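Novice: The following block contains the structure, expressed as structure tokens.
The values are calculated or read from the model by the stated rules, or taken from the named source; none is laboratory data. Quantities reported herein were computed from a predicted structural model and do not represent experimental measurements. Positions of Cβ are backbone-derived with ideal geometry, glycine not excepted, and every protein chain shown enters the neighbour counts. Protein only, heavy atoms only, side chains kept; ligands, DNA and RNA dropped before computing areas. Shrake-Rupley method; radii C 1.70, N 1.55, O 1.52, S 1.80 Å.
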Amino acid sequence: MSIFLKMAWRNIRRNLRRTLITLSAITFGLAAMIIFFGFTDGFHAQWVENTVKAYTGHIQIYRSGYRDDPQLNRSIADAAEIIKELKTEPAVDTYAERVEVQGLISTAENSYGVLIRGIDTGEEVKITGIKERIIKGEYLNEDKGRGVLIGHRLAEKLNAEIGDKIVLMVQAADGSLTAELFRLQGTFRIGATELDSSFAIVTLKDAQALSLLGDRVTEIAVMLKNPVDVLPVSKRLKERLVSSGYEVYTWEELMPALQEMIDLDNIFMYLILLVVLVVVSLGILNTMLMSIMERTREFGIMMAVGTSPRNVILLVMLESFFIGIIGIISGAGIGIGINRIISIKGFDLSRWGGATEFFAILNPVIYPETDIINVLWSCAIVFLTALIVSVYPAVRAARLRPVEAMHYV
Amino acid sequence: MFKSPFLKMAWRNLWRNPRRTLITTSSITIGLIAIVFYFGFMDGMNRQTLENNIRGHSGHIKVYAKGYQKDPAISKRIINPEGILEILLSEPHVLYALPRINTQGLVATGEKSAGAMILGIDLKKEENVSDYKRYVGEGTYYIPGGGILIGKGLAKLLRAGIGDILSIIIQAADGSMGAENYKIGGILSTGEAVMDNSLVVMSLEDMRALTVAGESVTEITVILESAEYTEKVTGALAMRLDMEVLELVSWKELLAFLLDMQGLAEIFKYVPLVILIIVASLGILNTVLMSVSERTRELGIMMALGTRPSRIVFLILLETAIIGIAGVILGVTGGAILLTYFGDRGIDFSQWKEGLMTIPFHPTTIYPVIEPVSFYLATGVVFVSAVMSALYPAYKAARLRPAEAIHFA
């Protein structure tokens with residue numbers, strides 16, 4: 001065995017240039033895979049994080065039946081009961097009570113359908129960061145009351161200035177239509193078309209008064225310290241809260257479209273990688289075949305002095321094995337390295353602002369992520385490909401007839 | 001055919017080792033098939049999405065009252081649409097001109113309400129032009145007076161079905177609030193999340209009555225024979241219409257975010273192309289390099305007999321060019337077969353419908369069609385990079401010293 005290891009090692013160094021070119025094809029292919037993966041994973045992570053922050057939080061808790069049929073009379077009467085449970089979960093970073101209700105926003109000349117969100121002005125900041133997103137006017141103030149924040153796109157459509165009178169109209173908990181006069185307190189720019197053009201934010205108290213909810217809320221949004229804990233935490237919360245008449249949803253359940261888009265993206269990526277892999281393997285196959293042909297005489301002599309065909313196969317595959325190992329080490333090294341370098345500054349997508357705003361990618365700078373699992377299996381696939389394509393050349397070498405092979409020029 | 005001895009030599013050289021030639025050709029072929037198909041897929045998807053959006057709501061050109069695009073208030077209306085319609089229809093390349101009234105309002109049942117986008121259309125005129133008739137999944141398109149069509153998601157949200165009565169509350173043209181009751185005559189399934197959740201369609205007459213708009217409309221949607229005439233027709237109309245009171249907006253502006261999104265997707269189009277080409281080129285480089293070093297003696301003899309180095313370079317490049325041409329012909333043929341097959345049948349993505357629906361009118365069945373630009377780009381880049389990768393081996397061959405090369409074993 002050890003003699004073949006030695007021979008294989010020497011053989012790949014015999015034509016160093018050829019080995020280097022084959023290696024660079026593997027290295028480049030693998031590095032490209034890792035960078036591409038890193039970029040897409042980073043993009044998806046950013047997308048999920050932004051969407052989760054702006055819309056649902058990692059987990060949402062409703063009164064049973066609300067999600068299926070969001071009526072205001074299916075609201076949470078005793079938020080404290082839920083909050084008590086949330087406080088026992090160390091993975092929970094923060095939570096906020098909200099009232100969400102569909103309504104109509106009007107100025108003297110114009111009106112639009114909006115989602116009105118009543119927020120806990122203190123807690124909400126930690127989730128949506130809405131306070132930092134105010135571009136005109138100021139953030140809501142509990143004491144002042146009757147202030148409303150709207151997105152810059154909605155403000156433009158309504159032609160409304162700070163301080164203008166705004167009427168919010170909703171169907172209240174008792175089924176009646178209620179309308180209240182508010183003042184435009186500020187406009188925000190979250191960087192998501194939908195939020196910037198169809199959300200109105202008021203204080204929790206004002207939303208409760210407008211929709212005649214008393215001190216009830218429609219939902220509690222929960223943010224976790226680490227998004228990977230979503231499943232276990234939501235499972236525990238379900239166990240404890242479902243029996244008391246609540247329902248618990250993760251962001252994936254609330255926004256199935258988001259997860260589907262990500263799945264679809266990944267499928268495309270796998271297909272592209274498959275094609276790259278096929279082309280890399282054809283290159284390796286050609287190189288191995290030629291290096292065998294070049295050594296026809298040599299193999300003939302080896303077999304004539306008693307090397308078994310099995311050992312010839314072993315030798316050829318060992319050569320591929322070495323090339324594969326070196327290729328994945330350099331490929332992974334370069335791929336991870338470049339990912340790290342790009343992620344220092346990030347990759348700026350703001351050129352395509354319309355698209356990033358549409359997808360609610362609030363921060364259009366993408367930081368590639370290196371997922372070690374993806375790297376490992378990319379390496380494994382590339383390595384296996386290198387080994388598999390060497391089977392055919394190896395078998396050809398083993399099938400040589402010593403007498404003929406020795407006379408091959 | 002073989003007038004130049006070099007062409008004959010190149011051809012013969014390739015057949016000296018048919019297996020090597022075939023493997024090299026197949027790496028170009030497979031790479032090109034993959035790229036042509038992938039480009040066709042992306043192009044087809046983009047084109048379908050745009051066409052669906054143009055037919056679904058934007059049209060090729062919209063005529064608005066001046067200032068409406070920036071501030072779409074119902075107070076900004078086209079007062080005398082009849083005269084304008086005549087001018088529009090007399091313009092060459094204009095197929096249809098559709099008067100519409102578009103406004104926002106609140107729709108409510110006894111218990112539930114939601115913001116909605118309310119659209120009044122000429123049912124008869126739009127029947128075969130826009131997609132509203134095709135969207136009707138349940139009920140009838142030809143709603144009797146006092147009837148409306150509502151989006152599937154909106155119906156679900158309101159817990160309303162065919163035959164149920166809805167109240168619609170809007171701000172009328174004169175600034176007053178108007179409300180009226182309507183019977184649901186049909187449910188719309190548009191395949192687009194926002195429209196499904198917020199669209200209400202009624203006849204133009206009903207809409208004029210509700211909004212107290214008289215004969216006026218908020219927009220005229222113009223459909224052309226083809227998108228390529230957009231600029232030309234917009235220019236011609238700007239001369240003929242009274243631009244003091246009207247404005248013309250092309251689909252490129254109306255769908256700017258979509259074009260941005262497709263621009264972003266270009267990254268996903270070209271990155272795989274570049275990766276594939278580099279990997280394939282490295283494979284070709286290695287193969288040609290080996291075929292040159294194998295022939296060191298032969299090339300030495302040729303040079304000793306007086307073949308100039310530039311001719312040697314020519315010979316090597318010619319060999320690769322023949323492989324490149326064969327690869328391109330096979331690749332294009334293979335790609336064309338795939339594109340024809342899937343172009344007829346379409347590729348079904350309805351498994352990811354929820355995700356796709358978030359992009360307005362994204363098709364769930366994609367019919368790949370390659371744009372000429374993508375086609376020439378793919379084949380051109382593949383061929384040129386194949387020949388380029390033979391430059392280094394050709395240069396090495398030309399630099400051989402005949403006296404040494406002849407003695408190369």
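Novice: To the nearest 500 deg cm²/dmol, what mean residue ellipticity at 222 nm is calculated for chain A from DSSP H runs of n ≥ 4 alone, each contributing -39,500 (n - 2.57), summed and divided by the residues?
Specialist: Dividing the helical sum by the residues of chain A leaves -17500 deg cm²/dmol.
Novice: Please say if chain A is rounded, prolate or oblate, where rounded means a/c under 1.5 for a ≥ b ≥ c the square roots of the C-alpha gyration tensor eigenvalues, and otherwise the choice is prolate for a/b larger than b/c and oblate otherwise?
Specialist: Prolate, because a/c is 1.5 or more and a/b exceeds b/c.
Novice: Another question about this same structure. From largest accessible area down, sort A:D69, A:D263; use a 1.4 Å probe on the protein chains.
Specialist: Solvent-accessible surface, decreasing: A:D263, A:D69.
Novice: A follow-up question, please. Just read off the accessible area of A:Y249 with the full protein assembly in place, 1.4 Å probe, to the nearest 10 Å².
Specialist: Surface open to solvent at A:Y249 totals about 50 Å².
Novice: What list of ³J(HN,Hα) couplings, whole Hz, do you get for the stretch A:111-123 from phi and the Karplus terms 6.51, -1.76, 1.60, once you set θ to phi - 60° and write x for glycine and proline?
Specialist: Taking θ as phi minus 60°, the curve returns 9, 9, x, 9, 9, 9, 10, x, 10, 6, 4, x, 5 Hz for the stretch A:111-123.
Novice: Also, quick follow-up: Check which residues have an amide H placed less than 5 Å from A:T121's amide H, if you skip close sequence neighbours.
Specialist: Close amide H contacts, sequence-distant or interchain: A:L204.
Novice: Could I ask something else about it? Order B:I187, A:I135 by their accessible area, 1.4 angstrom probe, all chains in place, largest first.
Specialist: In descending accessible area the options line up as A:I135, B:I187.
Novice: Still on this structure, please answer the following. Just to make sure I understand: if all protein chains stay in place, what is the order of B:D242, A:D174 by accessible area at 1.4 Å, largest first?
Specialist: Of B:D242, A:D174, the descending order of accessible area is A:D174, B:D242.
Novice: If I stretch the segment between B:D71 and B:M239 completely, what's the gain in nm (0.36 nm per residue apart, minus their alpha carbon distance), one decimal?
Specialist: Taking 0.36 nm per residue and subtracting the Cα distance, the gain is 58.1 nm.
Novice: Count, for each residue of A:10-23, the Cβ atoms from other chains sitting within 10 Å of its Cβ, then give me the mean as a whole number.
Specialist: Average neighbour count from other chains, rounded to a whole number: 2.
Novice: Compute the distance in nm between two label points, each set 7 Å from the Cα along the Cα-to-Cβ direction, one at A:S243 and one at A:L271.
Specialist: 4.9
Novice: Right, next: Using the Karplus equation 6.51 cos²θ - 1.76 cosθ + 1.60 (θ = phi - 60°), what ³J(HN,Hα) coupling, rounded to whole Hz, does each residue of the stretch B:170-178 give in order, writing x for Gly and Pro?
Specialist: Per residue, the Karplus-derived 3J(HN,Hα) values read 9, 8, 7, 4, 8, x, 6, 8, x Hz.
Novice: Can you tell me the 0 to 90 degree angle between the C-alpha axis of helix A:16-51 and the longest principal axis of chain A, rounded to 10?
Specialist: 10
Novice: Continuing with the same structure: Taking each residue of B:103-113 in turn, how many C-beta atoms of other protein chains fall within 10 Å of its C-beta, and what is the average?
Specialist: 6
Novice: Spelling out what I want: for every residue of the stretch B:353-366, take phi, set θ = phi - 60°, compute 6.51 cos²θ - 1.76 cosθ + 1.60 (Karplus), and round to whole Hz; glycine and proline get x.
Specialist: Result, rounded to whole Hz: 4, 4, x, 5, 5, 6, 8, x, 6, 5, x, 9, 10, 9.
Novice: How much of the accessible area of chain B, probe 1.4 Å, is carbon plus sulfur, in whole percent?
Specialist: C and S fraction of accessible area: 61 percent.
Novice: Which whole number gives the average count of other chain Cβ atoms within 10 Å of the Cβ atoms across peptide A:265-278?
Specialist: 4
Novice: Another question, then. Counting only DSSP beta bridges with both residues in the stretch B:67-243, tell me the antiparallel percent, nearest 5.
Specialist: Bridges in the stretch B:67-243 that DSSP calls antiparallel: roughly 75 percent.
Novice: Can you compute the charge dipole magnitude of chain A about its Cα centre, using +1 on each Lys and Arg Cβ and -1 on each Asp and Glu Cβ, nothing else charged? Give it in debye, rounded to the nearest 20.
Specialist: Rounded to the nearest 20 debye, it is 2620 debye.
Novice: Now, a different point. Rounded to the nearest 20 debye, what is the charge dipole size of chain B about its Cα centre when +1 sits on each Lys and Arg Cβ and -1 on each Asp and Glu Cβ?
Specialist: Its charge dipole is roughly 2720 debye.
Novice: Additional query: Pull up the DSSP beta bridges for chain A and report the antiparallel fraction as a percent, rounded to 5.
Specialist: Once the DSSP bridges in chain A are tallied, antiparallel ones form about 80 percent.
Novice: Place a +1 charge on the Cβ of each Lys and Arg in the stretch A:88-206 and a -1 charge on the Cβ of each Asp and Glu, then give the dipole magnitude about the Cα centre in debye, rounded to the nearest 20.
Specialist: With Lys and Arg at +1 and Asp and Glu at -1, about 360 debye.
Novice: Which shape class, rounded, prolate or oblate, goes with the stretch B:100-227 when its Cα gyration tensor gives a ≥ b ≥ c as root eigenvalues, a/c under 1.5 marks rounded, and past that a/b bigger than b/c marks prolate?
Specialist: The shape class here is oblate.
Novice: Hey, what did chain B get for relative contact order, percent, Cα under 8 Å, at least 6 apart?
Specialist: After rounding, I find 28 percent.
Novice: Let me ask you something else. Among the listed pairs A:K53/B:K112; A:K136/A:K205; B:K152/B:K353; B:K76/B:K232; B:K112/B:K156, which have their C-alpha atoms separated by more than 19 angstrom in this model?
Specialist: Flagged as over cut-off: A:K53/B:K112; A:K136/A:K205; B:K76/B:K232.
Novice: Placing one identical point scatterer on every Cα of chain B and ignoring solvent, what is log10 I(q)/I(0) from the Debye formula at q = 0.07 Å⁻¹?
Specialist: -0.52
Novice: While we're on this one: What would the Debye formula give as log10 I(q)/I(0) at q = 0.08 Å⁻¹ for the alpha-carbon point model of the protein assembly as shown, no solvent?
Specialist: Results for the protein assembly as shown at q = 0.08 Å⁻¹ read -0.82.
Novice: First check a/c for the stretch A:101-228, with a ≥ b ≥ c the square roots of the eigenvalues of its C-alpha gyration tensor; if it is under 1.5, answer rounded, and if not, answer prolate when a/b is larger than b/c or oblate otherwise.
Specialist: In terms of gyration-tensor shape, oblate.
Novice: To the nearest 10 square angstrom, how much accessible area does B:M207 have with a 1.4 angstrom probe?
Specialist: 0
Novice: What is chain A's relative contact order, in percent, from Cα pairs under 8 angstrom and six or more apart in sequence?
Specialist: 27
Novice: Need one number: % antiparallel among DSSP beta bridges in the protein assembly as shown, to the nearest 5.
Specialist: If I count the DSSP bridges inside the protein assembly as shown, around 80 percent turn out antiparallel.
Novice: Amide H neighbours of A:G151 under 5 Å, at least 5 residues apart or on other chains, H built in the peptide plane: list them.
Specialist: Counting only residues 5 or more places away or on other chains, the set is A:F188, A:F199.
Novice: So who's got an amide H within less than 5 Å of the one on B:E91, skipping anything under 5 residues away but keeping other chains? H placed 1.01 Å off N, in plane.
Specialist: none
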